[in-house]
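These notes concern the structure reproduced below.
What follows draws every value from the coordinates through simple rules; no lab data is involved. This one's a predicted model, so the numbers in the text were calculated from it and none came from an experiment. Positions of Cβ are backbone-derived with ideal geometry, glycine not excepted, and every protein chain shown enters the neighbour counts.
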Amino acid sequence: MRARIEVNGEVRDLELAPSERLLDVLRDRLGLLGSKEGCGRGECGACTVLIDGRPVLSCITLAARVRGPVETVEGVADEAVPLREAFADHGAFQCGFCTPGQIVRGVSLLRGGLPAEEGSLRQLMSGNVCRCTGYAGIVRALRQAESGSR
Amino acid sequence: MQVGRRIRNVDWPERTVGSVPFTADVRLPGTLVARVLRSPLPHARIVSLDVTAAEAAPGVHAVITSEDFGEVKYVHHGGPLADRHPLARRVVRFLGEEIAAVAAESPAQAEAAVALIGLELRPLPAVTTIEEALERGAPEIHSGGNVSLHTERRYGDVAAGRRRATKSVQGRYRFGRQTHVCMETNSTLASWDEEEGVLHLWTSTQAPYFIRKEVAHALGLELDCVKAHEVAVGGGFGSKSKISDHEVLCAALSKKAGRPVRLVLDRAEDFATTKCRHDWDVRLETGADEEGRLTHRTARILVDNGAYNHSGPSVMGYGSLVMGSFYRTDGVDIDADLVYTNKHPGGQFRGYGGPQATFAIESQMDELADALGMDPIDLRILNANRAGDVTHAGWKLRSARLVECLEAAREAIGWDEKRRLGGSGRGVGIAAAIHVTGAHVYEGAEESHAGVDVRADGTVRVRFGGADAGTWQKTILAQIAAEELGIEAEDVDVLTTETDETPLDLGAWSSRGTFMGGHAVRAAAASAAGRLREAAAKKFGVDPSDVTLTGGQARGGADRLDLGDLVRLASENGELSVEESFTADMEPVNPATGVANLSPTYSFCAQAVEVEVDRDTGQVKLLDVAAAHDSGTIINPIAAESQVIGGVAMGLGAALGEELIYEEGRLVNPAYINYPLPRAADLPPIRVVFVEGKDPVGPYGAKSLGEIGLVPTQAAVANAVAHAVGVRVRKLPITPDKVLGGLRERDARPRRRYHLWRRPNRWEIALIRWLYPRGLHRLLHRWGTRFARKQEPRAIEEIRAPEEIEEATRLLEDGEAVPIAGGTDLLPARRQGLANPVTLVDLTTVKGMRSILETEYGDLRIGAGVTLADAARTPALDEVLRETIGRIASPQIREMATVGGNLCQQKRCWFYRNGFECYKRGGVTCPCYAVLGDHRFYHAVTKAHRCQAVTPSDLATTLTALDAEAVLARGGERRTLPMERFFTGPGETALRRGEVLVEVGVPAAARGRKGAFEKLRLWEGDFAVASVAASLDLGSGGEVRDARIVLGAVAPTPYRAREVEQGLVGRRLHAPTIAEAAEAWTGGAHPLPGNEWKVDATVGLIRRCLSRLGEGESTG
């Protein structure tokens, strides 16, 4: 079926099979390899992208059903420079496999403002599994990115 | 100074946007996709294997079986212990074992071809636990019996120690099977070049050398003909430090097909078939004299090896060395057996036997301290290893700041003050650890080689044959090269892995990366620096010793020269290239005595943990962790701190939740959603203290750090729990059932009675449950499952997007059509073989289903298509609903999932979801695996019939308490059902074919009541283990006028506890009333043996809900 999807500000006309996942379309058809597949079942957050500004899981999203504009980690990379630097400053990544998903999720939170409470922030980041860092750096990096200070 | 600097990861710009290529990101033209045929049985003889149909299938380019490998076995640790073929030969020994593999043009073609392979198996009796495997007459997994290796160690003089002992304690400690769950599953891209006769490999590994070696061995190639290429590696934690059973298959397929082939394990395969941490059963005795000096330690150890050896012998051996080294004792006796079972094998995992040994040693140290009446830290300090010691196992401790670590942890956690709170529900515990810095468990482990190239532009490249699996090793090596060459680390790039360009290093394992690689790179960089200084000295006319390299220049007296210019002087080709090697002072274990200085130096740490134990639910809440580490000099504090925190987090996971669970040899929980590894909200602050000091042999004084962070953590938590509530848990993980069970035992509370004899409607179920272990389960499992209905996977052919509900319901009249809203359940269920729609009918395009409004009468009408997140953002939504939604799944799922979808989701029973041919998946001839399987958390304690599952929706629980009604539509018809009647079974609803849930209504009367929701779950985002929604109408005097108490996850459908409601009406919410009422429903329970604790936990949750509602009253 024909579909028109806006990805990172660019409108793409694609011929899609109904069962094609957004993650595969991004990676294999559009060459946007930043989004990673960690589980394929919507359980780990590594494939997080924004649709209509909302964080969703591209591994359980059928591409043909996408109606709003999609932003991937490539699309938010510039906006996320302070957050990415903060990730580096705080050891918020080690292997980096979950990191694109963390960054995309982080950007969506920063746009709306972070909750003041540490516990709430941690809950809001709990859809993104990280097996390396124990999350401490991720939480600190978000705070740094918000305050703009190092 | 570059060493000691807080420098960013060298790849940070790429790693933070995912542009550094992982194996799945490397694109080669013509790449085929591989899939593996795995054994569906835990133990069986292969009667026949026919791949002709698969070979002829469309798109297939290669199929391999064990015939492609002959009698070859993996090398593993070499010698007679090698016991595994790359593909099963004649016998399969675990469920999931690789039997054949296919390479095809597309995933669908590869999967279709795998399905065409004709496989006939004759089942053999399986032994899936240590206990079964050791029974007399147990079926043999390999010829020669089920004990793969027996080891005895006699260190020092235990008899003398015993004579001196005035106190001794015994205990049995069980670690359980934890698994790595690297975020990147095991992945390989292989490309055979026929012309060159070379196999190119891109593979997610910590140790390219070992993969090359195994691949060359299995394929009969020279080592030089297998070339590894650099890729990013998405976590290793030991699992990728040796072969991971898929690389050879991918390579063989590529060679056979003559095309590049990619094999990426899916998450369930990664969980269920790759290696995990060995489960250890340790019977330990520790003795001490009057002053508390340790006298002796004896250990009887059984290690669950799984079906093949891999590094089992080495892991068991290493743990024994820890037993023989940790703390000063007179003697240590160890008897250890490595026991084969029909499960996927254990293997290397961060800590390598250390965590299992340390959990026993350090739990028992606290028990001993209790017996001696000593402070646990004082006891440890008294017996601590000190610098200069040589342990019984021959470890030469060149530096040891264990005492300082203990003191630092004591200080950081506020030990002295918090120890006074013992028994209050809050507690602190401590545990310490020792660990190697590189280990001589493999030939050549004592060596590392590295190259350094200084270029004419003054930049530097490090060439290193190991790999960086996420430990920041490239950054560490860049810092070291920069340090020696007087430049900034940012001006160094590091090339790893590449066979043609990098000198040999055995990789990142045994905590050797920084020490071994660091020394080798330092040697190479120092050698390059020496040559540059000489060239500068010549130019400046000074002695080389008067030349310093700093700021990218050589300086001597008043003269300065840029490094790049020097390179042109020092070498002819415009690049100064140096390779050097390093050999560490370490030795392999003497197999007869178990003695050796295994590692050049040893690290220490002590971790203190503060917990709060919820005595209502048994849940352990982590409040604080202080981790004090002696890793010598810290080369990069950012990386080091992240390593320790990550290690502690993984250790806390093993302490509190992570455990692989099996039934009939099949892994029950091969999914993130069933495996409680810590999410961000599950963890406390983890504070790291580095007790720094230079190690005499480490590079710049550095010692290891990567593994030790999780070694003591489990015991520290167990000790904290014991301190908090007086319950000693010796079997990991410390889940709520064990804590609550321990509390019940401690308080000598009588068992609950359920009066089944008075409840004829339960007799049939009681009988069935009685019969299950007496042959019924076996009958249904063995024979009944043969008649299980199967859902063949089908492609989705069409997605319809109706705008009107009438059209939607008309489309759904077709039996092949399935409604989809958020898709967060349907699409995973499709992968799980629980849904195979041909047509999807999108309900999110239907008008009028995506709004929430309040009617003029004060009712709330919630469109079924509203996402959970949108609902929570709606100001009109009742607080108790917002609270409930906030506890559902993850923020991402809440953005996608809808209210209707949440209510209609299928049951989440982990047997049903994860491939068991159960009663609900397969039909009436199949067993419910929960009856005898692990039903501690997610199964019913009342009302269950043949299926023990529950309705997983939290909204269902709360909406039932709010007297909500479900509005169902079919065509132009509407019908309304109270929520209680909407659910007909576990995750099953009253919806008929063609009928759609369009709206949920909450009546004004219920909205006027006060509500509360409480939920017990194992991790943030988990489904309920038990939940309670309370909705009370309180009078002006605080008396309860009307009540709804609904229990979630305790019965097949949301369970209205009317006895509790009756116990409340007309009374005020005083503590005795609450306590009595909360118990009132329990007489009607009918729990399974393993989930009776949920009755207690649910009572606790009811009390908490009611207390919360009562509190508001007394203060308001």
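Annotations for the structure displayed:
- Per principal axis, descending, Cα span of segment B:853-897 in whole Å: 34, 20, 13
- Counting Cβ atoms of other protein chains within 10 Å of each Cβ in B:828-837 and taking the mean gives 2.
- In a DSSP loop and with at most 12 other Cβ atoms within 10 Å, there are no chymotrypsin sites (Phe, Trp or Tyr not before Pro) in segment B:323-413.
- Exposed-site-free run, longest, chain A (rule: GluC sites (Glu not before Pro); DSSP loop; at most 15 other C-beta within 10 Å): A:1-78
- The orientation-averaged projection of the convex hull spanning the C-alpha atoms of segment B:102-252 amounts to 16.1 square nanometres.
- Mean projection area, nm², convex hull over Cα of segment B:882-989: 8.5
- Using distinct alpha-carbon pairs, which all enter the 1/r mean, Kirkwood radius of segment B:730-887 in Å: 21.4
- Measuring how big segment B:1-61 is from its alpha-carbon positions, Rg and Dmax come out at 22.6, 66 Å.
- Cα convex hull volume per residue for segment B:668-766 (Å³): 207
- Applying the criteria of a DSSP loop state and at most 12 other Cβ atoms within 10 Å to the GluC sites (Glu not before Pro) of segment B:45-88 yields B:GLU71.
- Diffusion constant of segment B:942-1067 at 10 °C, which comes from Stokes-Einstein with the Kirkwood Cα-pair radius and 1.306 mPa s, µm²/s: 103
- Calculated FRET efficiency, B:ASP500 to B:ASP457, Cβ-Cβ distance, R0 = 30 Å: about 0.80 to the nearest 0.05.
- Separation of segment B:528-572 from segment B:578-630 is 43 Å, based on Cα centroids.
- Rg to Rh, two decimals, where segment A:71-119 supplies the alpha carbon set and Rh follows Kirkwood: 0.96
- Cα-Cα pairs of segment B:564-676 separated by more than 22 Å (percent): 67
- Where only DSSP H runs of four or more residues are counted, chain A gives -8500 deg cm²/dmol as its mean residue ellipticity at 222 nm, each run worth -39500 (n - 2.57).
- Inter-probe distance in nm under a simple model that places probes 7 Å from Cα toward Cβ, at A:LEU14 and B:LYS73: 4.8
- In the calculated pair-distance distribution of segment B:254-407, the portion above 26 angstrom amounts to 39 percent of the Cα-Cα pairs.
- Rh (Kirkwood; distinct C-alpha pairs) - segment B:88-131, Å: 12.7
- Calculated FRET value between B:HIS945 and B:GLU806, using beta carbons and R₀ = 51 Å, to 0.05: 0.90
- For segment B:1-140: rounded, prolate or oblate by the Cα gyration tensor [a/c cutoff 1.5]: oblate
- Gyration tensor over alpha-carbon atoms, the protein assembly as shown, equivalent ellipsoid semi-axes in Å: 49, 37, 32
- For segment B:176-219 versus segment B:961-1032, the spacing of their alpha-carbon centroids is 50 Å.
- Charge sum, other residues only, whose C-beta stays under 15 Å from B:THR166's C-beta, Lys/Arg counted +1 and Asp/Glu -1: -1
- Percent of Cα-Cα distances greater than 20 Å, calculated over segment B:499-651: 69
- The Rg/Rh ratio for segment B:367-438, using Cα coordinates for both the radius of gyration and the Kirkwood hydrodynamic radius, is 1.04.
- For chain B, calculated [θ]222 nm from helices alone, where every DSSP H run of n ≥ 4 adds -39500 (n - 2.57): -8000 deg cm²/dmol
- For chain B, alpha-carbon Rg over 2.2 N^0.38 Å: 0.99
- Nearby aspartates and glutamates by direct alpha-carbon distance to B:LYS790 (threshold 13 angstrom, same-chain neighbours under 8 apart not counted): B:GLU917
- One chain, two ends: B:LEU977 and B:ALA766. Fully extended at 0.36 nm per residue, the span grows by 72.8 nm beyond their Cα-Cα distance.
- Of the chymotrypsin sites (Phe, Trp or Tyr not before Pro) in segment B:756-849, the ones in a loop by DSSP (not H, G, I, E or B) with at most 11 other beta carbons within 10 Å are B:TRP783.
- Links that overshoot a 30 Å alpha carbon limit, given the list B:LYS227/B:LYS694; B:LYS847/B:LYS1015; B:LYS240/B:LYS703; B:LYS167/B:LYS738: B:LYS227/B:LYS694; B:LYS847/B:LYS1015
- Cα centroid separation, segment A:84-145 to segment B:786-861 (Å): 34
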